[in-house]
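Notes follow the structure.
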Amino acid sequence: MAYEVIVVGGGHAGCEAAFASANKGHKTLLVTGSIDKIAMMPCNPHIGGSAKGIVVREIDALGGMMGKVADKTLLQMKMLNFSKGPAVRSLRAQADKVAYPKLMQEELKKHENIDIIEDLVEDLIIEDNKITGVKLSNGDIYDAKAVILTTGTYMKANILVGSERTVSGPAGTRPSLFLSDNLEKLGFKILRLKTGTPPRIQRDTIDFSKTKMEPGDDKYYTFSFDDKPYYKLDEQEPCYLTYTTAETHKIIMDNLDKSSMYGAIEEKLGVGPRYCPSIEDKVVRFKDKERHQLFLEPESKYFDDIYVQGFSTSMPHDVQEKMVHSLPGLENAKILRYAYAIEYDAIDPRDLYPSLETKIIENLYTAGQINGTSGYEEAACQGLMAGINASLKIEGKEPLILARDEAYIGVLIDDLVTKGVRDPYRLLTSRAEYRLLLRSDNADLRLRRHGYEVGLIDKKRYNKLVKKEENINKIIEELQELTIKADKKMSLYEYVKRVENSIFDIEDKLTNKYDYLELEQAEIIIKYDGYIKKARKEAEKMHKLENKKIPENINYDDVPNLASEARIKLKEVRPLSLGQALRISGVNPSDVSILSVYMKRYFNDNR
Amino acid sequence: MNDTICAISTAVGVGAISIVRVSGDEAISIVNKICDKDLTKKASHTINYGHIVDGNEVIDEVMISIMKAPKTFTREDIVEINCHGGISSTNKILELLLNNGARLAEPGEFTKRAFLNGRIDLLEAESVMDMIDAKTENARKLAMNGIEGKISNLIHEIVDRLYDINSNIEVNIDYPEYEDIEVMTEGQIQDVSKFIDEKLKKLLIESENGKIIKEGINTLILGRPNVGKSSILNKLINEDKAIVTDIAGTTRDIVEGQIRVGGVLLNIIDTAGIRETEDVVEKIGVEKSLNLIKDANLIILVLNNNEPLTDEDKKLLEITKDKKRIIVVNKIDLDTKLDTTGLEDVVKVSATKDIDILKDKISDLYNLEELNNKELTYLSNSRQISLVKKAISINNHLMESFNSGIPIDILEIDIKEICETLNEIIGESYDDKLIDRLFANFCLGK
């Protein structure tokens, strides 16, 4: 059988990749180890969060699925950092772990361009360094013009609990045992990474009166720019806050040697995420801290699990019991599933182009945890970009590369392919140097046009964007023309610019009627004008360096005077531009100057 | 391969010894071709006796220092030929090197290579340039401080604090629900902003002093005819024989000579005006005199002890009253006919005898005692100073935005920009043009 695109893996990256390719009209095959686990959320029950929520909106702006499915299945919605500036606001939904995957599966199944097969891919079929298909574990071969690997944590997955190591994927699924070896044979550098998940508790065994309730926001939000809210404000499921106790810490310290991470497993372990430490790590590293926050979060309307955020551990089951029972409100709690750590293989993302195509095998793309990231949103956005770019490639078109001042997605992919990863990569707002430009509120204004151009956004939705842009400009014009008498006579524009005033105070003075979001957008543009301009200026500087392309055939051994570390790093990454070179850690500005001087000479010689 | 460059590294002109420096992969082999000794087998960091030869003709008897990469100024092989001073023999050696494959160094190219090869940071590179220009002991000390990274340390101290603030703000954004983490408050931002303002303004003021040390004090000796201006000038000159040369640059138009007093350089403005015996103000016109006065950092106003105060004296006192000035009452060996009541602290001298008291006064005025003993930590060139000024102005913007209620995560943009501006002083951020411009300003050689 032959397809245009084959997606290997049905997690959040795989789903977006399959939809992107199929929506662009390409016959797509999704190969997954387990159809009913497609779009499963094996760890936390959120979609979104700081920076991640903005990514979900970016996915939606480009024509991806995550936001739409989350909007229809969420249990609770919050706008994080609402009290801070507009640049750092970000949506987070408590997602329903049953409803979300179910809806995603239905959408996949009913798509005319998508077929799904339940099996594992064992090997890649390659001719002349170009992928032509995949081989399944049952021996079947499927041909394809492009293949996207989204293997998640499944390559050589090991579950770690106490001193036990079990060969298994998350939640008892089949791991992929051979693929990473075969990738290594092809020349990929393989990394060993690790992540963990906390225990799940039976809801009716928790005494919530001893905890603090954390309700959702009392204002409606949606991830998608096309959706109306599907939830009811007063029917949102709350979360609860509790804390570790002195007893918890004592149990952990007394049993530390039983934790997989603290010596119970002797061989060297994969590298875990710095941003999501286990409770053992937190207690050991912050000894003077009397207590740590834990959030008790519902996982679904359809079952009884409560997720204990902040309590991931690789202690054996009996110690986990004691630890859980030491928490206020959980004295009699019943553990439904124990916490575990999982180790898996990933590739070094520096083996990728910014299109997510591998440098080693043409038409092979990778996305998600295989690239060393962590998180559903990080995975989904890479899946989307890999799906778009694999499609563009087989259409003979240039790839869509998002810049760092254009999208968090651009920041994430550039970081991956430029800096590589040491531990599982999580998006943080601090990774974005132009985050005032990368706001939650303007994701559509930033990216919809790209979505339209690549064919994932239809004409109707595109026209809506154009109308919105026009209206925002009209609002600003009107504000400049109209005046108000406050402490002195001033234009409405000046009035709105003042931090203490709101555009909604003077909304009725405008000649035309405008949408809430349009007014809000105009207000942000006016209020933060100075800073937005500053960010754009900075971004322009970056683009100048970005436009200085490094010749593909450059031999770094020929460039005199490079510091040796820089030479090694440049050879590893092979950056496409001076801008990218500068972002490689270990490459200093002076190395970039040398490179720039060498390039001038190189081009002169070739002129 | 990096080509090999050479240049005369000492000042061109008469001197006992001149140094010709060669740097690059072929430095040793090229010099070897014009030397009667085999230099290729000499150990690194040795100085060797020999002759520079052109065929059979001996050009000069020299000492040759061999320093092999990487422990050299440019991190390349360096050969320095210490030859006899004088233009002709030095030039001949340079010519021989050029004929044997070396290329004449561009201005500042040795330092540029040192910078590009990671030997020194940008600030250090600038200090090297300052060192070459250093005309007095204080200026040399100032240049040395830059090289040792004292300024870098100071900047790092400020920048580190800013990084702390910003990382805290970032954590607050990324983990908004974690109460374990200290929340950055407006008050803390205000504190930091004040801290930056104080530190940078102090640095700026000290740098102004640093500039004086490096560039000298523009001094105008003023007085009506026959009060003894030239004797005072001559006396100052006699104290220091190695003086009164033309100096280059923007001050060329107004400065006519330099005198070293204690550890500080006086740039004497308008020596012609001093030596003329006619009325300065009348002769050159009021406007020009006012301009001269404006250009001066220091006015030495000379009065005659042997005559009463004239209208002309009064006029000079009036037009210099807002300037930093020293009033010198000269000719105290003659009868006192001058009434000095109402005048500020005057210095009484007899220029024909000695004027130590005047020199002490100048030293006091510029805290030279203090400057001589103190650890000098100044920015001493205009690029650095303008960056500090820029950082101060961004900081002012930060305060304004803060006062108008802009949220912390946006204020952070200003803090980051201050960081980047300060980083630019120590060369830790990248700007293509900056580097080109910087090295074009360097003098030839090193």
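Every number in this text was worked out from the coordinates using simple rules, so none of it is lab data. None of the values given here were measured: they were computed from a predicted structure. Methodologically, a virtual Cβ is constructed for each residue, glycine included, from the backbone with ideal geometry; neighbour enumeration extends over all protein chains shown.
One table, with the values for the structure above:
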{"item": "Kyte-Doolittle at least -0.5, axis length at least 20 Å by Cα - qualifying DSSP helices, chain A", "result": "A:376-394, A:589-606"}
{"item": "Per-residue [θ]222 nm for chain A (sum of -39500 (n - 2.57) over DSSP H runs n ≥ 4, rounded to 500)", "result": "-10500 deg cm²/dmol"}
{"item": "Candidates per trypsin sites (Lys or Arg not before Pro) in segment A:219-282, loop by DSSP, up to 14 other Cβ within 10 Å", "result": "A:219, A:232, A:268, A:274"}
{"item": "Karplus 3J(HN,Hα) series, Hz, for segment A:223-240 with 6.51 cos²θ - 1.76 cosθ + 1.60 (x for Gly, Pro)", "result": "6, 6, 7, 10, 9, 9, x, 9, 9, 10, 3, 7, 9, 5, 7, x, 9, 9"}
{"item": "Cβ-based charge dipole, the protein assembly as shown, positive-most Cα from B:293, A:416, A:137", "result": "A:137"}
{"item": "Within segment A:203-278, GluC sites (Glu not before Pro) in DSSP loop having at most 11 other beta-carbon neighbours inside 10 Å", "result": "A:266, A:267"}
{"item": "At 0.692 mPa s and 37 °C, Stokes diffusion of segment B:5-121 via Kirkwood alpha-carbon radius, µm² per second", "result": "233"}
{"item": "Positive-end residue, the protein assembly as shown charge dipole about Cα centroid, Cβ charges, pick of A:372, A:270, A:592", "result": "A:592"}
{"item": "Antiparallel DSSP beta bridges within chain A, as percent of all bridges there, nearest 5", "result": "70"}
{"item": "Under Karplus coefficients 6.51, -1.76 and 1.60, residue-wise ³J(HN,Hα) of segment A:295-311 in Hz, glycine/proline x", "result": "9, 9, 10, x, 9, 6, 6, 9, 9, 9, 6, 10, 8, 9, 5, x, 10"}
{"item": "Eligible lysines near residue B:315 by straight Cα distance, threshold 22 Å, same-chain separation 8 or greater", "result": "B:229, B:283, B:288, B:294, B:323, B:324, B:331, B:337, B:348"}
{"item": "Cα convex hull volume per residue for chain A (Å³)", "result": "186"}
{"item": "Taking all pairs of distinct alpha-carbon atoms in the protein assembly as shown, Kirkwood radius in angstrom", "result": "34.3"}
{"item": "Cα Rg, Dmax (largest Cα-Cα span) when computed across segment A:314-446, Å", "result": "19.5, 62"}
{"item": "All lysines inside 17 Å of residue A:135 as judged from Cα atoms, apart from same-chain residues fewer than 8 positions distant", "result": "A:145, A:185"}
{"item": "Within the protein assembly as shown, percent of DSSP bridges classed antiparallel, to nearest 5", "result": "70"}
{"item": "Estimated vicinal HN-Hα couplings, Hz - segment B:169-176 in sequence order (Karplus 6.51, -1.76, 1.60; Gly, Pro = x)", "result": "4, 4, 4, 4, 6, 6, 10, x"}
{"item": "Other-chain or far-sequence residues with amide H under 5 Å of residue B:51's (modelled H)", "result": "B:36, B:37, B:62"}
{"item": "Nearest-20 debye value, segment A:337-441 charge dipole, Cβ charges on Lys, Arg, Asp, Glu", "result": "200"}
{"item": "Farthest toward positive dipole pole in the protein assembly as shown [+1 Lys/Arg, -1 Asp/Glu at C-beta], among A:222, A:233, A:556", "result": "A:556"}
{"item": "About the Cα centre, charge dipole magnitude for the protein assembly as shown (Lys/Arg +1, Asp/Glu -1 at Cβ), debye", "result": "720"}
{"item": "Residue-averaged beta-carbon neighbours from other chains (10 angstrom radius) around A:522-533", "result": "2"}
{"item": "Ranked A:567, A:291, criterion: other C-beta atoms within 10 Å, fewest first", "result": "A:291, A:567"}
{"item": "Share of alpha-carbon pairs per 5 Å distance bin for segment A:223-352, given as whole %", "result": "2, 8, 17, 19, 16, 12, 10, 8, 5, 3, 0"}
{"item": "GluC sites (Glu not before Pro) within segment A:44-129, DSSP loop, no more than 10 other Cβ atoms inside 10 Å", "result": "A:112"}
{"item": "Built amide H within the under 5 Å cut-off of residue A:132, gap 5+", "result": "A:125, A:126, A:127"}
{"item": "Only Lys, Arg (+1) and Asp, Glu (-1) charged, at Cβ; chain A dipole about Cα centre in debye", "result": "1540"}
{"item": "Per-residue Cβ neighbour rank within 10 angstrom, fewest leading, A:163, A:300", "result": "A:163, A:300"}
{"item": "Cut-off under 5 Å, modelled amide H: who pairs with residue B:302 long-range", "result": "B:222, B:223, B:328"}
{"item": "Volume per residue of the C-alpha convex hull in segment A:285-324, rounded to whole Å³", "result": "92"}
